[in-house]
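Working notes for the structure below.
The values are calculated or read from the model by the stated rules, or taken from the named source; none is laboratory data. Owing to the predicted nature of the structure, the values given are computational and were not obtained by experimental measurement. Cβ sites come from the backbone with ideal geometry, for glycine too, and all protein chains shown count toward neighbours.
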Amino acid sequence: MTEKPTWLAQPSGPCCMKGTLHTGTPRGEYVDIAGVETYISQPPTTTANGHILLYFPDVWGIFTNGLLVMDAFADAGYLVLGLDYFRGDPVWKHRKDRHDLSNPDFDYEAWKQKHMSFANEAVPRWVEAVKVGYGKVGTRYACVGYCFGAPYVCDTLAEGAVDVGAFAHPAFLKERHFTNIQRPLFLSCAEIDHTFDTNARRQALDILQSGKKDYQLQLFSGVEHGFALRGDMENPYERYVKEQSLKGIVDWFDFWLAQ
């Protein structure tokens with residue numbers, strides 16, 4: 001299939017800077033892996049399953065909400081590692097939300113290109129370094145990405161570097177990202193999402209179906225891009241869909257890693 005020059009899941013946009021900060025105290029620690037600062041969250045000994053989960057963050061980077069999500073995956077039994085491919089320069093340091101114009105000199109497009117260039121180079125060697133430093137005989141691997149992190153999930157699945165993957169409210173995806181995957185993919189999506197709208201989702205599903213890929217689509221009505229990381233936890237429905245997204249991803253991983 002010849003790839004079209006257009007995106008299926010659009011690049012990160014203003015909606016990616018919308019959301020709320022969650023409350024809680026992350027329990028992990030920071031280590032250096034392949035020259036990239038990495039958050040690591042250990043599973044409780046009572047639930048540890050021996051598997052490793054690689055976490056690819058959204059444009060908010062390694063922030064409280066993401067750290068708490070990583071800790072939740074660890075609670076489910078996974079050794080979780082998330083790399084900071086923004087190198088301490090997440091988008092919120094420049095623009096607090098999509099309405100924040102306090103820094104008129106901030107070039108969002110240049111910021112995205114700079115960090116994507118680094119991430120494209122860093123992710124493969126980081127994944128390999130995680131395997132060498134933390135993997136054991138029999139270890140199996142999953143990966144999850146949010147927004148900016150979605151293409152790294154698909155690339156890693158295409159390379160066969162992990163056994164199963166998932167993304168939520170993705171960005172920066174083209175046809176090849178769906179054509180080339182070799183392992184099962186879970187798609188956690190919002191009904192209202194300019195980066196991955198109804199037509200784009202249908203095209204992605206057509207590619208997955210025609211290629212006889214293993215996949216599951218989870219679609220929530222009434223929520224927007226960012227729901228799985230930056231929803232309002234004071235809103236019962238937004239809390240519910242955030243929790244169901246995480247649960248669905250965990251269940252998907254647990255099933256495929258048991259096969």
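Scan segment 243-259 for residues that are more than 21 Å from ALA158 (Cα to Cα), loosely packed, with under 14 Cβ neighbours inside 10 Å and of a type in the set (Gly, Ala, Ser) and the total you get is 0. For the structure I just gave you, tell me whether TYR141 is of a type outside the set (D, E, K, R) and under 17 Å from ASP84 (Cβ atoms). So TYR141 fails the test. Evaluate segment 185-206: report whether one residue or more is closer than 25 Å to ILE33 by Cβ, of a type outside the set (Phe, Trp, Tyr) and touching a Gly at 6+ places or on another chain (Cβ under 9 Å). There is at least one residue in segment 185-206 that is closer than 25 Å to ILE33 by Cβ, of a type outside the set (Phe, Trp, Tyr) and touching a Gly at 6+ places or on another chain (Cβ under 9 Å). Of the residues making up segment 219-230, those that are closer than 19 Å to GLY145 by Cβ and over 15 Å from the mean Cα position of the chain (by Cα) are LEU219, PHE220, VAL223, GLU224. If you go through segment 1-60 and pick out every residue that is at pLDDT 90 or above and among the hydrophobic types (A, V, I, L, M, F, W, C), you end up with 12. One residue stands out among those in segment 38-52 that are farther than 18 Å from LEU257 by Cβ and touching a strand residue (DSSP E or B) at 6+ places or on another chain (Cβ under 6 Å): the one that is surrounded by the fewest Cβ atoms within 10 Å (Cβ to Cβ), which is ILE40.
Considering segment 217-242, and only residues there that are of a type in the set (Lys, Arg) and without any contact (Cβ under 8 Å) to a residue 60 or more places away in the chain, the residue that is surrounded by the fewest Cβ atoms within 10 Å (Cβ to Cβ) turns out to be ARG239. Restricting the search to helices (runs of 4 or more DSSP H) fully inside segment 82-189 and requiring at least 1 residues that are at pLDDT below 95 gives 108-134. Where the second residue is of a type in the set (A, V, I, L, M) and part of a helix (DSSP H, G or I) and the first is buried (at least 20 other Cβ atoms within 10 Å of the Cβ) and lies in segment 196-210, which pairs have Cβ atoms under 9 Å and are six or more apart or on separate chains? Once the first residue is buried (at least 20 other Cβ atoms within 10 Å of the Cβ) and sits in segment 196-210, its partners that are of a type in the set (A, V, I, L, M) and part of a helix (DSSP H, G or I) give PHE196/ALA150; PHE196/ALA204.
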